[in-house]
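*Asks:* Take a look at the following structure, please.
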């Protein structure tokens, strides 16, 4: 199972910072997280299912934008980090 780490801002919706996932892709992982933890819904993706601009997802330290985006495959040895930056002024 891939290990998923969420930053402090997102972990408040899960009450933990790390979860395991057997999802085959980043998109499958996001679907599973939003199903398992409904409070995450609309925090990671917008209503069109696009990753919000202030959310960064890394697989093994590489941002998914430089990989295959949400189609990036996941394996049991992968480490995924989901970061939610703070916006405002």
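*Asks:* Within region 23-82, count every residue that is in a helix (DSSP H, G or I) and in contact with a helix residue (DSSP H, G or I) (Cβ under 6 Å, 6 or more places away or on another chain).
*Replies:* Narrowing region 23-82 to residues in a helix (DSSP H, G or I): 26-36, 38-40, 64-66, 69-71.
Remaining after also requiring in contact with a helix residue (DSSP H, G or I) (Cβ under 6 Å, 6 or more places away or on another chain): 26-27, 33-34, 40, 64, 70.
Residues flagged as in a helix (DSSP H, G or I) and in contact with a helix residue (DSSP H, G or I) (Cβ under 6 Å, 6 or more places away or on another chain) within region 23-82 amount to 7.
*Asks:* If you scan region 65-89, which residues turn out to be closer than 23 Å to residue 8 by Cβ and under 10 Å from the mean Cα position of the chain (by Cα)?
*Replies:* Answer for region 65-89, where residues must be closer than 23 Å to residue 8 by Cβ and under 10 Å from the mean Cα position of the chain (by Cα): 80, 81, 82, 83, 84.
*Asks:* Same structure again: Out of the residues in region 6-22 that are in contact (Cβ under 8 Å) with a residue 24 or more places away in the chain and out of contact with any helix residue (DSSP H, G or I) (no Cβ under 9 Å at 6 or more places or on another chain), state the one that is nearest to residue 86 (Cα to Cα).
*Replies:* Out of the qualifying residues, it is 9.
FYI, it's all coordinate maths here, none of it is from the lab. Computed from a predicted structure; not experimentally measured. Counting neighbours? That spans all protein chains shown, and the Cβs are built from the backbone with ideal geometry, glycine included.
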